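The block underneath contains the structure these notes are about, expressed in structure tokens.
The values are calculated or read from the model by the stated rules, or taken from the named source; none is laboratory data. Predicted model only: the values in this text are computed from it and were never measured. Cβ sites come from the backbone with ideal geometry, for glycine too, and all protein chains shown count toward neighbours.
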Amino acid sequence: MRPLPVANPPNPWLAASVDWLGEPPAALPRVYADATREILSRNDSPDIPFTWSVNPYRGCGHACAYCYARPTHEYLGFGAGTDFETQIVAKLRAPELLRQAFERESWKGELVAFSGATDAWQPLEAGLRLTRRCLEVCLEYLNPVAVITKAPLVERDADLLGSLAEAGAATVSMSLPFLDPARARALEPWAASPERRLRTVERLSRSGIPVRVNVAPVIPGLNDEEIPRILEAARDAGAVGAGWLLLRLPGSVKAVFEERLRAALPERAERVLHRIRETRAGRLYDARFQVRGRGEGHYAEAIAALFEGAARKMGLRGRESTPPAPSPFRRPGSQLPLFP
């Protein structure tokens, strides 16, 4: 943690402090309260494996250049670039709204993903604890959850996730697109290092929580060559499964990604952009379902074959094709039936 200037020393009366995993960002985010009335987002995309998701935050302090959620900030009147990582919106009533959703008669205990857009364990969560309080609600109702994150802060909630996992109601997917720390820092400037994320995989696995690794996004010409080593490191850390997604650059993300790629990795930029176009029929993005996450053409097929071969060699399972077990969901205090 970089020492704070003497002109503004740490406040000794604060109950919590933040220890940055590396250099802190150049500017701390400005936080806004979101007055949303619903916390469950419904997804009907055929190439996403969950229907419901919870996103306690809009915008993300990890500042990943490739984040496909950047254009959602434009709906709030912000920009998809630096605004996305410095103007963060927090849904302060998220736990209360989730409880209300679970109490509705129409809710049948379906899987809830944390998060479908921005990381629910980004730095701001260390203080606000909205995600943890939502998980407490999920544990109270034994509602199944699927975690998607790249933040070691998720270790804080291993107690809740472990209890849910005992009921077969929790999995964690750690996003790990790089092993090379320099490339990771170039495009994920304020996210934890690959080494630190692998330590999180190991710690959660030891807690009895099923952990998968997502090589996401695969950036053609940049990190596809790392896939076998990433999967080997994931297996050694205790991961039981793995998946991958091709880089997605919808809307304004194309401009943000290209600008930051050229600034951070100028010697690789042209090669990467050329390879991306090889997987997108000459374009930087194709929004079609079933194609947007895998691409098409010989180079995309080579990436898929490389991943499948390495995952099979490491014994890492892909996305489960069997129907999920019956949900253990139940409302607290509800009367159990006398006869099955």
Taking region 268-304 on its own, how many of its residues are in a loop (DSSP other than H, G, I, E, B) and either more than 25 Å from the chain's Cα centre (by Cα) or not polar (S, T, N, Q) (or both)? 18
Filter region 190-248 for residues that are hydroxyl-bearing (Ser, Thr, Tyr) and closer than 30 Å to residue 28 by Cα; the one that is surrounded by the fewest Cβ atoms within 10 Å (Cβ to Cβ) is 193
On the given criteria, is residue 101 of a type in the set (A, V, I, L, M), closer than 16 Å to residue 134 by Cβ and buried (at least 21 other Cβ atoms within 10 Å of the Cβ)? no
I'd like the residue in region 56-78 that is in contact (Cβ under 8 Å) with a residue 12 or more places away in the chain and over 19 Å from residue 41 (Cα atoms) and, out of all such residues, is farthest from the chain's Cα centre (by Cα). 78
Please enumerate the residues belonging to region 7-53 that are among the hydroxyl-bearing types (Ser, Thr, Tyr), surrounded by 14 or more Cβ atoms within 10 Å (Cβ to Cβ) and either assigned to a loop (DSSP other than H, G, I, E, B) or at pLDDT below 80 (or both). 36, 51
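Take the conditions within 23 Å of residue 298 (Cβ to Cβ) and either of a type outside the set (Val, Ile, Thr) or not in a loop (DSSP other than H, G, I, E, B) (or both) and apply them to residue 250. Does it pass? Can you show your working first?
Values: within 23 Å of residue 298 (Cβ to Cβ): no; either of a type outside the set (Val, Ile, Thr) or not in a loop (DSSP other than H, G, I, E, B) (or both): yes.
Taking the combined requirement at face value, the residue does not satisfy it.
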Residues of region 257-281 being touching a helix residue (DSSP H, G or I) at 6+ places or on another chain (Cβ under 6 Å) and either over 19 Å from residue 297 (Cβ atoms) or acidic (Asp, Glu) (or both), which ones? 261, 262, 264, 265, 269, 278
Pairing a residue in region 151-165 that is farther than 11 Å from residue 207 by Cβ and outside any helix (DSSP H, G or I) with any residue that is of a type in the set (D, E, K, R) and at pLDDT 95 or above, where Cβ atoms lie under 9 Å and the two sit 6 or more apart in sequence or on different chains, gives 151/119; 151/125; 151/197
Pairs, please: C-beta under 7 Å, at least 6 apart or cross-chain, first residue more than 24 Å from residue 86 (Cα to Cα) and in region 123-145, second acidic (Asp, Glu)? 135/157
